[in-house]
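Supplied in structure tokens, the structure appears directly below.
The values are calculated or read from the model by the stated rules, or taken from the named source; none is laboratory data. Since the structure is predicted, the reported quantities are computational estimates derived from the model, not experimental observations. Cβ atoms come from the backbone with ideal geometry, glycine included; neighbour counts cover every protein chain shown.
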Amino acid sequence: MRLLSVLPLLLVASAATAGPPVYRCEIAGKVSYSDAPCVGAKVVDATPNQGVDKMTGQSRKGKDVQTAEMNTAFDKALQPLTGKPHEEMDVMRRRIKLSAQDQGECTRLDSNLPGLEANAAGATGTTNGRTDVELYQARKRFFDLRC
């Protein structure tokens, strides 16, 4: 019971900054990459590598990688108690500083974004512009809330 009362404090203390999604935007034939969404943006996987370890016998991992590894081990150890996988715990860590209302809106956007992305991918003709704008508005709100 004592462990469960300390869990929120541990989540805040071990919070790692996960990078926002990277968007590939093409405007007037020019391609740019940004963490801010644009109309018709495509999400790009820009996950950094985890560093080289043990090639020289010394750890050459940065503090962010070490923190991420510690969080992963921590999440795996607590999964029987929390019932949440590592990915959900990372989301909780990122959103712990948000107000309850913003956390609720982020959760709603989490469930809506995949459907909007599927609609935008399958849209053709006149519906294509409308679905792209709807997707942009949802991504922009997600970005503004810092979900």
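Out of all the residues in the stretch 1-54, which are touching a Lys or Arg at 6+ places or on another chain (Cβ under 9 Å), aliphatic (A, V, I, L, M) and at pLDDT 60 or above?
Within the stretch 1-54, Val31, Ala36, Ala41, Val43, Val44 meet the criteria.
Just to be sure, is Cys106 outside any helix (DSSP H, G or I), surrounded by 15 or more Cβ atoms within 10 Å (Cβ to Cβ) and modelled with pLDDT of 90 or more?
no
Collect the residues in the stretch 123-141 that are outside any helix (DSSP H, G or I) and surrounded by fewer than 13 Cβ atoms within 10 Å (Cβ to Cβ), keeping them in residue-number order.
Of all residues in the stretch 123-141, those outside any helix (DSSP H, G or I) come to 123-125.
Listed by number, the residues that qualify are Thr124, Gly125.
State the number of residues belonging to the stretch 71-80 that are among the polar types (S, T, N, Q) and without any contact (Cβ under 8 Å) to a residue 40 or more places away in the chain.
Number satisfying all stated conditions: 2.
Conditions (1) among the basic types (Lys, Arg); (2) closer than 18 Å to Asp144 by Cβ; (3) in contact with a Lys or Arg (Cβ under 7 Å, 6 or more places away or on another chain), marked per residue:
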position	(1), (2), (3)
Lys76	yes, no, no
Gly83	no, no, no
Val91	no, yes, no
Arg94	yes, yes, no
Asn119	no, no, no
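For the stretch 67-87, state whether one or more residues are at positive phi, at pLDDT 90 or above and not hydroxyl-bearing (Ser, Thr, Tyr).
Looking through the stretch 67-87, at least one residue is at positive phi, at pLDDT 90 or above and not hydroxyl-bearing (Ser, Thr, Tyr).
Quick check on my filter: what residues within the stretch 81-137 are closer than 16 Å to Pro37 by Cβ, free of Cβ contacts under 8 Å to residues at least 12 places away in the same chain and of a type in the set (Val, Ile, Thr)?
Selection gives nothing.
Still on this structure, please answer the following. I'm trying to understand the selection: among the residues of the stretch 69-88, which are assigned to a helix (DSSP H, G or I) and not hydrophobic (A, V, I, L, M, F, W, C)?
Glu69, Asn71, Thr72, Asp75, Lys76, Gln79, Pro80, Thr82, His86, Glu87, Glu88
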